[in-house]
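Nothing in this text is a laboratory measurement; each read-out follows from the coordinates by a stated rule. Owing to the predicted nature of the structure, the values given are computational and were not obtained by experimental measurement. Cβ atoms come from the backbone with ideal geometry, glycine included; neighbour counts cover every protein chain shown.
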Amino acid sequence: MTTVSLSTAPTTRPVAQPGDGALWAVRDTLAMTWRNLTTIRRVPQLLVFAVVQPTIFVLMFRYVFGGSITIPGRSYVDYLMPGIFVQTCAFGAINTAVGLAEDKGKGLLERLRSLPMARSAVLGGRVAADSTRNVFVVLLMLAIGYAVGFRTHTNVAMVALGVFMLVLFGFALSWIFALIGLSVTNGEAAQAAAFPMLAPLVFASNAFVDPAKMPGWLQGWARHQPVSAAADAVRACMLGGPTANKVLISSAWSLGIALVLAPVAVRRYRRL
Amino acid sequence: MVDKYQPLAILIDMIATTADVRSAASMAISAEGLVKHFGDVHALNGVSFEVPTGTVLGLLGPNGAGKTTAVRILTTILRPDTGRAVVNGFDVVSDPRSVRRSIGLAGQYAAVDENLTGRENLLLVGRLNHLSKSAAGTRAIELLDQFHLSDAGNRPARTYSGGMRRRLDLAAALVTHPPVLLLDEPTAGLDPASRQDLWDVIANLVADGTTVLLTTQYLEEADRLADRIIVIDHGLIVAEGTASELKSTLGETTVVLGFADAHAAGGAADLLCSLGAAVLANDAVSIAMPLRGGPATVRDALNTLADAGLVPQRIDLREPTLDDVFLSLTGASV
């Protein structure tokens, strides 16, 4: 047994700075982002797991269902991969909910809420870290797409814009999942709550198939919802064709979701 | 138009404010009529207490008594439905940020990030307390050293033992040398050795002038660390005082004499009736008598028994414990 004796000798008495205002909110958010990214770096398996599920989807749709799906004007793998990227970002956003729910369940949020830090920083740092993570996941999925025959038909700048649109979309969904994560008590519950919400968004969309072949009542939804808008924008950026309008529509969805839900989520955090 | 009495009013205000600050300064924590209901659950039903600067208040109570709710209000995590609480001179509702700068919280569930190393955990808390990077770094190393975690400082906290986690958790609460420390069941679930370690650490902090509010279910812990104890149950204060005051409300020290058989014990009980209210204990082979006359009672009792040829085989002194206090007050075992 070790006995812990705390020396009574005067130690350095650090002076904390006041810490109000927007600049401190940014600093606190960066500190939390660093913390979350360190966690991801320390458990790199999570990054690998993040691409396993979408890779299974790639293989399934590319080689199992793909033969029966025809998309006029382009090869199915070219149509499919942007949809897979969007799906990856959508399901990746669940991490935001799981991360926050775990911090909440383990009592970490209690400590953070007792610190003189900005109230927005816990959520901001989570979403920022998850968005950074998304960049890596999307790049990994691009490589997997290349391996199964996907080819971009535009230039590097446009492909980069496509990646940006994906990260922006993931950022927006992260705010929805931040709200879910704060409303449940553990990671499993967050996961369970997320899937039924994402399924109609991701599968009843143009991510995998052309909505023209869906029943009439479903087509309206499948064409005009954020997943389809994001897939359209990414297809335009990576495959070519009219782009500006599609990028604008998807940006409007993403920014709209973030602008509405970020304040709601922060409010929820304040009142936990 | 300027009111000609305005300067006077301002002066009176200033004097009043100064007086307020003075009375608040001697109290590190004061809570007045705290009420918090969660739907039908009445976690706190009007709790008031004060903790003078530099002292330790133990908040004792069974699970669900409202201890944690009180701590959460004092740490600004929760707003009271009604009532007022002032910590280090700042109101928890109207000036939560100043309260947060004055406190350290160590929680029931050692709230450390398992994936960060011990050093990184302390660094993060330092940064979020708005210390500069270098100040946070220096402080982290200092605390790791004080809490005997230097060797483990660069290992993820998930590899730590329960006792190490609690020490890290407590270290994280001390990053800014807060004048007020709130410890919510700091040793719950620890083995006796680790508990002893943590008690020593807390005792040292108190010696340095830190004010501590401590919730616990361990009566021994409150007995050992707290200057004053409040017993709460169902959101209400049911008793208040020092450990010895609480014990004395329960009665006196008892002498227990054990005999070889029930026959001897019965005879001894009859003999000693005159000396005090000696009664046969439940086990039928020992007798218990209150120690009203001090040590002389024991001498007289032993002499009387010896004259009758009765020699007890065991002699025990039983002090009332806080457990007895607790049981009698709340009717619940801890």
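Observations, loosely collected:
- Between segment A:177-242 and segment A:43-92, the Cα center-to-center distance that results, in Å: 13 Å
- Working from label points 7 Å from Cα in the Cα-to-Cβ sense, the A:A22 to A:H153 distance is 4.3 nm.
- Sites A:V64 and B:D40, calculated FRET efficiency, Cβ-Cβ separation with R0 45 Å, nearest 0.05: 0.25
- Relative contact order for chain A: 25 percent, from Cα pairs under 8 Å spaced at least 6 residues apart, divided by residue count.
- Cβ crowding within 10 Å, taken as a proxy for footprinting-reagent exposure, orders B:E50, A:E102 from fewest neighbours to most as B:E50, A:E102.
- When the convex hull of its Cα atoms is projected in every direction, mean area for segment B:188-303 (nm²): 10.9 nm²
- Beta bridges per DSSP with both ends in chain B, % antiparallel, nearest 5: 65 percent
- Between A:K213 and A:A244, full extension at 0.36 nm per residue minus the direct alpha carbon distance yields a gain of 8.5 nm.
- Overall, segment B:27-248 carries a charge dipole of about 700 debye about its Cα centre when +1 sits on the Cβ of Lys and Arg and -1 on the Cβ of Asp and Glu, all other atoms neutral.
- Length available on full extension from B:E220 to B:V279: 0.36 nm per residue minus the Cα-Cα distance, which gives 18.4 nm.
- Per residue, the convex hull spanned by the Cα atoms of segment B:263-331 measures out at 102 cubic angstrom.
- Estimated dipole of segment A:129-261 in Debye, rounded to 20 [Cβ of Lys and Arg +1, of Asp and Glu -1, Cα centre]: 280 debye
- Remark: B:K36, A:K106 ranked as A:K106, B:K36, counting other beta-carbon atoms within 10 Å and listing the fewest first.
- Between B:T242 and A:A252, the FRET efficiency from the beta-carbon distance, with R0 = 56 Å, is close to 0.25.
- Model label points for A:V52 and B:R299, set 7 angstrom from Cα along the Cα-to-Cβ axis, are 8.0 nm apart.
- The angle between the Cα long axis of helix A:244-270 and the longest principal axis of the Cα atoms of chain A comes to about 30 degrees, rounded to the nearest 10.
- Set of segment B:267-307 residues, backbone N closer than 12 Å to the point 7 Å along the Cα-Cβ line of B:I315: B:295-306
- Which of A:S131, B:S94 has the fewest Cβ neighbours within 10 Å, and the rest in rising order: B:S94, A:S131
- Modelled spin labels at B:D307 and A:S75, positioned 7 Å past Cα toward Cβ, are 11.4 nm from each other.
- Think of it as helices only: each DSSP H run of n ≥ 4 in the protein assembly as shown is worth -39500 (n - 2.57), and spread over all residues that comes to -17500 deg cm²/dmol at 222 nm.
- Segment B:Q196-B:S161, length gained on full extension (0.36 nm per residue, minus Cα span): 11.1 nm
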